Number of protein chains: 2
Amino acid sequence: MTGYDLLQFFDVSIAFIWHAPHTNIYPELRRMEGEGLLESEELPRGQRGVKRLYRLTDLGFEELHRHASRLTLPTRERDPYRLRAAYLEWSDPVAARAQLQAHVDHFEHWRDAWATELGHIRARDSSLLVKRLARTDAKDHDAIVAFRAFAYEGLVEHASMEINWAKRGLKLIDTLAAAGWAGPPSMRPDADAPAGA
Amino acid sequence: MTGYDLLQFFDVSIAFIWHAPHTNIYPELRRMEGEGLLESEELPRGQRGVKRLYRLTDLGFEELHRHASRLTLPTRERDPYRLRAAYLEWSDPVAARAQLQAHVDHFEHWRDAWATELGHIRARDSSLLVKRLARTDAKDHDAIVAFRAFAYEGLVEHASMEINWAKRGLKLIDTLAAAGWAGPPSMRPDADAPAGA
């Protein structure tokens with residue numbers, strides 16, 4: 001593919017799983033070519049222009065296999081949504097509702113997008129997947145499709161979990177507000193204060 | 001609290017949600033004091049030593065309220081687990097199983113730890129929460145406990161989702177391996193190759 005082709009696929013497909021700014025693509029292609037993972041050739045583009053077409057080298061395929069096979073342990077938790085939720089009493093009912101509603105809206109949007117793409121993967125008519133299958137032996141198609149579908153099932157399941165959790169949080173805010181919660185807690189400033197403060 | 005107190009709580013409680021290296025704590029306290037969010041005083045420690053006790057200033061409380069109330073939109077997706085899963089055919093059955101088993105083990109460990117802490121939060125005997133409630137008016141206790149529990153419920157639900165997903169992946173690997181999947185797909189190198197390559 002050319003860098004331009006990759007940009008298109010990033011917008012409609014790869015970004016479903018890994019968002020990357022457009023400005024990363026061209027420098028990354030040149031870096032990978034410098035490391036021998038890609039090779040490229042110039043082709044005419046229109047009347048006068050040129051475009052650069054990239055493909056993986058044998059070394060690139062080996063690195064892909066090595067990378068996919070390397071055991072990567074999950075990282076220790078850094079969960080921004082739960083961090084905010086754990087201290088939501090420092091907010092107030094209006095701001096807390098807005099936060100959780102934005103959470104619901106975000107994940108409902110993406111759950112629908114991921115579920116739609118999952119349908120295309122299972123039907124084997126997702127654009128990047130079609131291109132991929134055309135270049136691969138038929139005996140490998142089931143594994144390629146099955147792992148892609150498995151990944152998108154995980155995206156959908158994660159989004160559903162986030163939506164259900166945040167909707168429960170919205171109900172919790174209503175309950176707490178009805179019971180009198182109106183904003184940041186009143187600290188008792190003298191309790192346990194530094195001596196002489 | 002002193003920096004040392006904070007380290008203890010980071011190890012047993014806060015790190016459940018937000019992992020931070022110990023080396024971050026002391027510089028961060030000094031930075032926050034420089035910005036007027038914290039004030040500190042030196043107290044004797046043992047026979048000759050001193051320790052520095054920190055507390056939030058009024059400005060610090062205001063900033064906490066402002067931060068907790070600011071709408072933060074969820075970020076675009078960058079999901080390392082689903083990224084790996086989507087291209088797991090580039091791995092092989094042994095490496096793919098090891099990856100998903102590590103995923104199951106990690107989240108089973110943390111799901112149990114989070115569920116245990118959730119029990120302590122609901123019982124109101126979690127160590128950091130006890131300290132917090134002692135300094136807060138009783139009328140605010142329900143909201144403080146409810147939001148903390150809500151956050152930990154999210155951690156447990158997320159872990160359960162990850163475990164179920166990865167276990168299904170392990171079964172998928174068995175199915176694909178039984179059907180002949182043994183490693184990276186065979187590319188047909190001439191298909192769609194650059195002209196002259």
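The values are calculated or read from the model by the stated rules, or taken from the named source; none is laboratory data. The structure presented is a predicted model; accordingly, all values stated were derived computationally and were not measured. A quick note on method: Cβ atoms are made from the backbone with ideal geometry, for glycine too, and the neighbour counts reach across all protein chains shown. Just the protein is used for accessible areas: all its heavy atoms, side chains included, with ligands, DNA and RNA removed. Shrake-Rupley method; radii C 1.70, N 1.55, O 1.52, S 1.80 Å.
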Q) Residues in the stretch A:177-197: is at least one assigned to a helix (DSSP H, G or I), within 8 Å of chain B (Cβ to nearest Cβ) and either under 26 Å from the mean Cα position of the chain (by Cα) or in contact (Cβ under 8 Å) with a residue 12 or more places away in the chain (or both)? A) no
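Here's the yes/no breakdown for (1) crowded, with 17+ Cβ neighbours inside 10 Å; (2) more than 7 Å from every other protein chain (Cβ to nearest Cβ); (3) at pLDDT 95 or above:
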site	(1), (2), (3)
A:D112	no, yes, yes
A:A115	no, yes, yes
A:I121	yes, yes, yes
A:S126	yes, yes, no
A:K131	no, yes, no
A:D137	no, no, no
A:I144	yes, no, yes
A:A149	yes, yes, yes
A:Y152	yes, yes, yes
Q | Long-range neighbours under 6 Å by Cβ, at least six apart or interchain, first residue more than 14 Å from B:M1 (Cα to Cα) within the stretch B:53-67, second of a type outside the set (D, E) and surrounded by fewer than 16 Cβ atoms within 10 Å (Cβ to Cβ) | A | B:L59/B:G36
**Q.** Tally, over the stretch B:82-98, of residues that are facing chain A (nearest Cβ under 7 Å), in contact (Cβ under 8 Å) with a residue 12 or more places away in the chain and farther than 20 Å from A:F61 by Cα
**A.** 0
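I'm trying to understand the selection: among the residues of the stretch A:100-109, which are open to solvent by 20 Å² or more (accessible area, probe 1.4 Å) and without any contact (Cβ under 8 Å) to a residue 60 or more places away in the chain? Walk me through how you get there before you give the answer.
Looking only at the stretch A:100-109, we keep the residues that are open to solvent by 20 Å² or more (accessible area, probe 1.4 Å), and these are A:101, A:105-106, A:108-109.
Within the stretch A:100-109, A:D105, A:H106, A:E108, A:H109 qualify.
What number of residues within the stretch A:52-66 satisfy the criterion of being in a strand (DSSP E or B) and open to solvent by less than 60 Å² (accessible area, probe 1.4 Å)?
Keep residues of the stretch A:52-66 that are in a strand (DSSP E or B), which gives A:52-56.
Now drop any that are not open to solvent by less than 60 Å² (accessible area, probe 1.4 Å), which leaves A:53-56.
The number of residues fulfilling the criteria is 4.
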Q.
Out of B:P74, B:P44, I need the residue that is within 30 Å of A:R70 (Cα to Cα), without any contact (Cβ under 8 Å) to a residue 40 or more places away in the chain and not basic (K, R). Which one?
A. B:P74
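Are any of the residues in the stretch B:79-100 under 30 Å from A:V94 (Cβ atoms) and in a loop (DSSP other than H, G, I, E, B)?
If we filter the stretch B:79-100 for residues that are under 30 Å from A:V94 (Cβ atoms), which is where we start, we get none.
No, the stretch B:79-100 contains no residue that is under 30 Å from A:V94 (Cβ atoms) and in a loop (DSSP other than H, G, I, E, B).
Among the residues of the stretch A:75-100, write down those that are small (G, A, S) and over 20 Å from B:A15 (Cα atoms). Walk me through it before giving the result.
Kept after step one, since they are small (G, A, S), are these residues of the stretch A:75-100: A:85-86, A:91, A:95-96, A:98.
Scanning the stretch A:75-100 gives A:S91, A:A95, A:A96, A:A98.
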Q: Would you check which residues across the stretch B:1-51 are of a type in the set (V, I, T), surrounded by 14 or more Cβ atoms within 10 Å (Cβ to Cβ) and in a strand (DSSP E or B) and list them?
A: B:T2
Q: Please work out which residue is nearest to A:M1 (Cα to Cα), limiting yourself to the stretch A:114-146 and to residues that are hydroxyl-bearing (S, T, Y) and touching a residue at least 24 places away in the same chain (Cβ under 8 Å).
A: A:S127
Q.
I'm checking my understanding of the structure. Among residues of the stretch B:46-73 that are over 22 Å from A:W90 (Cβ atoms) and out of contact with any helix residue (DSSP H, G or I) (no Cβ under 9 Å at 6 or more places or on another chain), which one is nearest to the other protein chains (Cβ to nearest Cβ)?
A. B:V50
Q: Show the residue pairs that are 6+ apart or on different chains and have beta-carbon atoms under 6 Å apart, the first residue being within the stretch B:12-29 and within 13 Å of B:S127 (Cβ to Cβ) and in contact (Cβ under 8 Å) with a residue 12 or more places away in the chain, the second being aliphatic (A, V, I, L, M) and surrounded by 12 or more Cβ atoms within 10 Å (Cβ to Cβ).
A: B:S13/B:L128
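Can you say whether A:E108 is modelled with pLDDT of 95 or more, acidic (D, E) and part of a helix (DSSP H, G or I), as far as the supplied structure shows?
Working: modelled with pLDDT of 95 or more: yes; acidic (D, E): yes; part of a helix (DSSP H, G or I): yes.
Yes, satisfied.
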